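Note sheet for the following structure.
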Amino acid sequence: MELRHLRYFVAVAEERNFTRAAERLHIAQPPLSRQMQQLEEMLGVTLIEKGTRPLRLTETGEFFLAHARPLLDQVRDLKTMTQRVGKLERTLSVGFVASTLYGLLPDIIRRYRERHPEVEVTLNEMTTVEQLKALKEGRIDVGFGRLKSEDPNIRRILLREERMVVAMFPNHRLAGSEAGLRLTDLVKEPMLIYPKSPRPSFADQVLAVFSDANLAPAHVTEVRELQIAMGLVAAGQGIAIVPESVQGMHHRNVLYRKLEDKHAFSPIFFSVRYRDRAPELENMLAAVYSIYDDLGILHVKESLA
Ligand code: BEZ
């Protein structure tokens, strides 16, 4: 069986019609029908029910489709990932979640540029979920995100766990709690969480921090992104739980209070394509660790090797 058989079969199954599938594949219909017959003969099973319109798959055909699609996706990812790895020499495309921009990301990028002026670095703000897709499609080479993913095509390194803090309007009734707040103080407050999509996202990390403490915030509003959440906090529309890096975003109508709960942390991950050991990636990791060393931030050094 060849990849061509899988591609043809998926097109037929998706179009539910041989003529449309042939058009989509830019081939004539008779060779497409022959290829499908050949595939059924090779497997010794019936994949497509005979004489139905629109065309229907047999149960075996549905099974084959469910496995053929991810295989074709993997082949496509392999192609783009390999092309990207081969091209990596002088460019490095970095994906990052917005909160890191207010924390250490600018220092890390500057350190990297100082050490490797020959490399052209591009920065792209995107959620962790978007980063994973962009890595596989070869649009970025490294992602700085916050969510765990179990994607077998991605190598993820935990850089550190960052404390969460509470952002609020300066006249908020909890603003006087300089010693810090607890989740139980916050459950009844209108709460802004972000990003609304794609999920899972930092919004789910915040909700999980509550549910891990057997709590549920009473009034939750989901908003598109961090900047919108912070604008609404400044307008007195609610509070937001954010990583402490966000304190680097100074706004005269927002203040931050510590969150005392022991488990209120958000991880920062370094994600790359599995087995991508381009020196630029190792150098980027070294730039992160060197900033951590300068600032005395506790961490465990890992290597891509
Ligand atoms: C950090 O805050 O630890 C961090 C931010 C951006 C990239 C890598 C690490």
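Charges at C-beta only: +1 for Lys and Arg, -1 for Asp and Glu. How large is the resulting dipole of the range 21-109 about its Cα centre, in Debye rounded to 20?
280 debye
Which of the GluC sites (Glu not before Pro) found in the range 127-183 are loop residues per DSSP with 15 or fewer other Cβ atoms within 10 Å of their Cβ?
Glu137, Glu150, Glu178
For Val85, what accessible area in Å² do you get when you roll a 1.4 Å probe over the heavy atoms of the protein chains, rounding to the nearest 10?
60 Å²
What pairs from Lys196/Lys262; Lys258/Lys301; Lys79/Lys148; Lys188/Lys258; Lys133/Lys196; Lys148/Lys196 go past 20 Å between their alpha carbons?
Going by Cα-Cα distance, Lys196/Lys262; Lys258/Lys301; Lys79/Lys148 fall outside the 20 Å limit.
7 Å from Cα along Cα→Cβ at both Lys79 and Leu3: what's the point-to-point distance in nm?
Placing both labels 7 Å beyond Cα along the Cβ direction yields 0.6 nm.
Mind listing which trypsin sites (Lys or Arg not before Pro) in the range 230-305 are in a DSSP loop and have 15 or fewer other Cβ atoms within 10 Å?
In loop regions of the range 230-305 (DSSP not H, G, I, E or B), the sparsely surrounded trypsin sites (Lys or Arg not before Pro) are Arg252, Lys262, Arg275, Arg277, Lys301.
At a 10 angstrom cut-off on C-beta neighbours, averaged per residue, how do the peptides 7-19, 96-108 rank from highest to lowest?
Top to bottom by mean Cβ count within 10 Å: 96-108, 7-19.
Quick one: helix 279-295 against the long Cα principal axis of the chain, what's the angle to the nearest 10°, folded into 0 to 90?
20 degrees
Per DSSP H run of n ≥ 4, the term is -39500 (n - 2.57); total these for the chain, divide by its residue number, and report the mean residue ellipticity at 222 nm rounded to 500 deg cm²/dmol.
Per the formula, -13000 deg cm²/dmol.
Could you list the GluC sites (Glu not before Pro) in the range 49-113 that lie in coil according to DSSP, counting only those with at most 12 other Cβ atoms within 10 Å of their Cβ?
The qualifying sites are Glu49.
Considering only Met164, Thr122, Leu181, whose Cα is most displaced toward the positive end of the charge dipole of the chain, charges sitting on Cβ of Lys, Arg (+1) and Asp, Glu (-1)?
Thr122
What is the projected area of the convex hull of the Cα atoms of the chain, averaged over all directions, in nm²?
Over all viewing directions, the chain projects a mean Cα-hull area of 20.8 nm².
Given Cβ point charges of +1 (Lys, Arg) and -1 (Asp, Glu) and nothing else, what value in debye, to the nearest 20, does the dipole of the range 162-215 about its Cα centre take?
Around 140 debye, computed over the range 162-215.
Quick check: Cα centre of the range 239-303 to Cα centre of the range 15-29, how many Å?
Rounded to whole Å, the Cα centres lie 50 Å apart.
Taking amide hydrogens as modeled 1.01 Å from N in the peptide plane, which residues meet the under 5 Å criterion relative to Val165, leaving out close sequence neighbours?
Long-range HN contacts for Val165: Val242, Glu244.
Quick one: net charge of Arg69's neighbours, Cβ under 13 Å, K/R +1, D/E -1?
-2
The values are calculated or read from the model by the stated rules, or taken from the named source; none is laboratory data. Worth saying up front: this structure is predicted, and the values here are computed from it rather than measured. Methodologically, a virtual Cβ is constructed for each residue, glycine included, from the backbone with ideal geometry; neighbour enumeration extends over all protein chains shown. The area values use the complete protein model at the heavy-atom level, side chains included, leaving out ligands, DNA and RNA. Shrake-Rupley method; radii C 1.70, N 1.55, O 1.52, S 1.80 Å.
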